[in-house]
Amino acid sequence: MHIYEGVLLVSERGREVLLAGATLAVLGTGIGLRRLEPERLPRAAVLSAAFFVVSLVHVPLWPSSVHLLLTGLMGVMLGWSAFPAVLVALLLQAMLFSYGGLTALGLNAFIMAAPAVACHYLFRRAAASENERLALGGGFAAGATAILLSGLLMAGSLMLGGRTEFDSLGKILAILQIPLAVIEGLVAASAVALIRKVRPELIAAPILAAIPRERENG
């Protein structure tokens, strides 16, 4: 899901896409840091490390690559704080392994973190449900949706980059995310199942948890 260093720098439109992605990443990271409470720092650090590791195992497809992300799970557990968690991991990858690169850092962070935030609002309640099937379904949906949305953002960024050869490649890369989304969904569902058994409070949804108590009081 990384866009390689220098790919979008060759055209004016590509540089505009990089600037827009960096701006949105800065805004998202700012919101995420404001909402990152001290007691949630260990959780964010662990998920950032997991993202760092799994996204190192990638299949290069110039001018990008495909790999697992775990951003759906990050979104469910971190919300907006997924932005700084993803950004730190990508920065370390760029500095240590030259994956993505510094000029594309902001855009890559937005491509991967924005879908995580979307999945937080879409699937967190389902993943935190006391109904096991609903929880597993929410985990699967979060993992798969995050990959598909990131694929669309990556393809759109390339297609907006001003180079005609990226148009068809962007479409191909978007299609390739479909089987990857299924795998990511299964991984996220498995992680949700494990978390429900050992640390269910990590994905607890206070709004849903309050509903049964309100009915009891009524």
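Sort out for me the helices (runs of 4 or more DSSP H) sitting completely within the range 1-81 that have 1 or more residues that are surrounded by fewer than 21 Cβ atoms within 10 Å (Cβ to Cβ), on the phi < 0 side of the Ramachandran plot and in contact (Cβ under 8 Å) with a residue 40 or more places away in the chain.
Where helices (runs of 4 or more DSSP H) fall fully within the range 1-81 and carry at least 1 residues being surrounded by fewer than 21 Cβ atoms within 10 Å (Cβ to Cβ), on the phi < 0 side of the Ramachandran plot and in contact (Cβ under 8 Å) with a residue 40 or more places away in the chain, they are 12-35, 41-54.
Are any residues in the range 101-117 crowded, with 24+ Cβ neighbours inside 10 Å, among the small types (Gly, Ala, Ser) and farther than 26 Å from PRO38 by Cβ, and if so, which ones?
Residue satisfying the conditions is ALA104 alone.
Is it the case, given these coordinates, that MET95 is surrounded by fewer than 19 Cβ atoms within 10 Å (Cβ to Cβ), on the phi < 0 side of the Ramachandran plot and among the hydrophobic types (A, V, I, L, M, F, W, C)?
yes
Could you check the range 1-32 and list, in sequence order, the residues that are modelled with pLDDT under 95 and farther than 16 Å from ILE111 by Cβ?
Scanning the range 1-32 gives GLY6, LEU9, VAL10, SER11, GLU12, ARG13, ARG15.
(1) basic (Lys, Arg); (2) modelled with pLDDT of 65 or more; (3) over 18 Å from ALA141 (Cα atoms): which one isn't true of ARG196, the others all being true?
(3)
Among ILE178, ILE211, ILE172, ILE147, which is the only one that is β-branched (Val, Ile, Thr), surrounded by 13 or more Cβ atoms within 10 Å (Cβ to Cβ) and modelled with pLDDT under 95?
Just a single option satisfies the conditions, and that option is ILE147.
Do the conditions hold for SER129, that is, is it part of a helix (DSSP H, G or I) and of a type in the set (Ser, Thr, Tyr)?
For SER129, the condition - part of a helix (DSSP H, G or I) and of a type in the set (Ser, Thr, Tyr) - is not met.
Condition check: of a type outside the set (Lys, Arg), in contact with a helix residue (DSSP H, G or I) (Cβ under 8 Å, 6 or more places away or on another chain) and free of Cβ contacts under 8 Å to residues at least 12 places away in the same chain. Does LEU134 satisfy that?
yes
VAL86 - would you say it is within 11 Å of the chain's Cα centre (by Cα), over 24 Å from LEU18 (Cβ atoms) and crowded, with 24+ Cβ neighbours inside 10 Å?
Judged against the criteria, VAL86 is not a match.
The values are calculated or read from the model by the stated rules, or taken from the named source; none is laboratory data. Fair warning: this is a prediction, and the values are worked out from it, not measured in the lab. FYI the Cβ positions are ideal-geometry reconstructions off the backbone, even for glycines, and counts take in every protein chain you see.
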